[in-house]
Amino acid sequence: MPQDDDFARLAAALGVPGLLYRSFGNAPVRPGEAASPAPPALGWAMGPGRAGRPEAGAGWRPRPVAAPEAWPLLAPLFAPAAAGEAPAGTLARLRAAPGAAERRPAATPFLPDPLFAPRPARGAGLR
Amino acid sequence: MPLLCIASPKGGVGKTTLAANLADALRRQGRRLLAIDLDPQNALRLHFGVPLEERAGFLAGLPRGIAWRDAIRRTPSGVALLPFGTIAAAEALAVTAALEASPALLTGPVREMLADPALLVVADLPPGPSRALELLAPLASLVLVVLLADAQGVALVPEIESGRFLGLGGLAGPAPSRLRLVLNQVDQEARLSRTVAAAMARHLGPRLLGALAREEVVAEALAEQRLLLDSAPASQAAQDLRDLAQDVAAALPRVAEPVAAGWAR
Ligand SMILES: Nc1ncnc2c1ncn2[C@@H]1O[C@H](COP(=O)(O)OP(=O)(O)OP(=O)(O)O)[C@@H](O)[C@H]1O
Ligand SMILES: [Mg+2]
């Protein structure tokens, strides 16, 4: 039964091999493999065959210990952490290569228009 | 002339926050800005300091044939604002019905706005697909899709890339350069946010136009009804916003000199 496996893992994780599973006679929380209406895996979202629909049970694990292959954008989450980051804007930090992004000169000259001229704020709101 | 739409398949990702503060940041570059609220939540005005009790707006008045020029508000930031208007549910449905019956009620005024070559129009859209987005996306120079750096954000990427969800033609569609993404609420201290954001940045490449840090000051700015560049100009999010404004400006068609007779007199 799947819940027995879960229990064995829990016992191992806690380092208490003697921990015993006590059944209260209730129905398993997780249904048996055969009847499993497995939760829709999100794997279809990013994988190569992503145009397809989620397949019931395909690749579903309650707690993945490795990135689901079909969801590669989440893969780095399961990889060992890398050290060292350059302080910069958030996007620049996200892009591993800081490569000088080309920027256009900013301001376009304009004729002032009363509607667009900034007014000194008076309190929080408009009057 | 350019129209910039801020949209997302998902609610609460920071579209309105971004629309208001990006309009302000672009305004600070010396542009003429008009921010238009297309979401019946009518929240865009709050960022610009419009008091809660002021309920007038443009889209709310559409069924009554309101003139858009009459609905314009000046704001202390210098950004001109068309609030949606505060309305009850029945009235919101009436607006939807009016747009359904005559799309020109919205596209007509927006075309008039865009006829001013010196004007940059920033539109804040409701979450998910909407009639307003369907009508305005074809007129837009740029549609910015806002996502969070989380599992749900990841799951939405292929929907956006394919154009299935927002009906925008997708990143592989006829004008993929008009559709760009922005990651909001990136938290460098949170492993999920940091790693997912970096993975999305790699995956999207130049299609990711910006990323904003998650910071309390962003939410606090709204609580104070102030714009982020006023309330916390030294924050990481403010820096990210300025970077984004530069990249947005670079991605937009060049704004021409303003015409002599402005539309907003
Ligand atoms: N970078 C950020 N850091 C911290 N808080 C943020 C950030 N961006 C947005 N928020 C907060 O998140 C909340 C939702 O933002 P906002 O209303 O802009 O989202 P939205 O996408 O417009 O929502 P809706 O779909 O309802 O229109 C607000 O309280 C806002 O202050
Ligand atoms: Mg909003």
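The values are calculated or read from the model by the stated rules, or taken from the named source; none is laboratory data. The shown structure was predicted, so the numbers you read here are calculated from the model rather than taken from an experiment. Heads up, the Cβs are rebuilt from the backbone with ideal geometry, glycines too, and the neighbour counts pull from every protein chain shown. These accessible areas exclude ligands, DNA and RNA; they are computed on the full protein's heavy atoms, side chains included. Shrake-Rupley method; radii C 1.70, N 1.55, O 1.52, S 1.80 Å.
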The lone exception for B:Ala98 - which of (1) away from every other protein chain (no Cβ under 14 Å); (2) over 21 Å from B:Arg55 (Cα atoms); (3) small (Gly, Ala, Ser) it fails: (2)
Residue match in the range B:224-236 (condition: closer than 14 Å to B:Gln185 by Cβ, near ligand 1 (Cβ under 8 Å from one of its atoms), out of contact with any strand residue (DSSP E or B) (no Cβ under 7 Å at 6 or more places or on another chain) and part of a helix (DSSP H, G or I)): no
Any hit, the range B:30-38, residues being within 20 Å of B:Glu134 (Cα to Cα) and within 11 Å of ligand 1 (Cβ to nearest atom): yes
Checking B:Pro9 against (1) within 16 Å of ligand 2 (Cβ to nearest atom); (2) open to solvent by 30 Å² or more (accessible area, probe 1.4 Å); (3) modelled with pLDDT under 95, the condition it does not meet: (2)
Residue count, the range B:112-136 (criterion: open to solvent by 10 Å² or more (accessible area, probe 1.4 Å), more than 16 Å from ligand 2 (Cβ to nearest atom), touching a helix residue (DSSP H, G or I) at 6+ places or on another chain (Cβ under 9 Å) and touching a residue at least 40 places away in the same chain (Cβ under 8 Å)): 2
Options B:Pro206, B:Pro258: the member that is closer than 28 Å to B:Ala71 by Cα and modelled with pLDDT under 95: B:Pro258
Residue match in the range B:59-73 (condition: within 16 Å of ligand 2 (Cβ to nearest atom), away from chain A (no Cβ under 14 Å) and at pLDDT 95 or above): yes
Residues located in the range B:66-78, provided they are part of a loop (DSSP other than H, G, I, E, B) and touching a residue at least 40 places away in the same chain (Cβ under 8 Å): B:Ile72, B:Ser77, B:Gly78
B:Asp116 being within 16 Å of ligand 1 (Cβ to nearest atom) and either under 20 Å from the mean Cα position of the chain (by Cα) or of a type in the set (Gly, Ala, Ser) (or both): no
Residue that is surrounded by the most Cβ atoms within 10 Å (Cβ to Cβ), among those in the range B:88-111 that are outside any helix (DSSP H, G or I) and free of Cβ contacts under 8 Å to residues at least 24 places away in the same chain: B:Ser102
Boolean, B:Asp243 is assigned to a helix (DSSP H, G or I), without any contact (Cβ under 8 Å) to a residue 40 or more places away in the chain and facing chain A (nearest Cβ under 7 Å): yes
Among the candidates B:Leu244, B:Leu222, residue that is surrounded by 22 or more Cβ atoms within 10 Å (Cβ to Cβ) and at pLDDT 95 or above: B:Leu244
Unmet requirement for B:Pro253, which otherwise passes all of (1) at pLDDT 95 or above; (2) not in a helix (DSSP H, G or I): (1)
Residue list for the range B:19-39, filter: surrounded by fewer than 24 Cβ atoms within 10 Å (Cβ to Cβ) and within 10 Å of ligand 2 (Cβ to nearest atom): B:Asp39
Among residues of the range B:40-54, those that are surrounded by fewer than 24 Cβ atoms within 10 Å (Cβ to Cβ), within 13 Å of ligand 1 (Cβ to nearest atom) and either closer than 20 Å to B:Val186 by Cβ or within 13 Å of chain A (Cβ to nearest Cβ) (or both), counted: 1
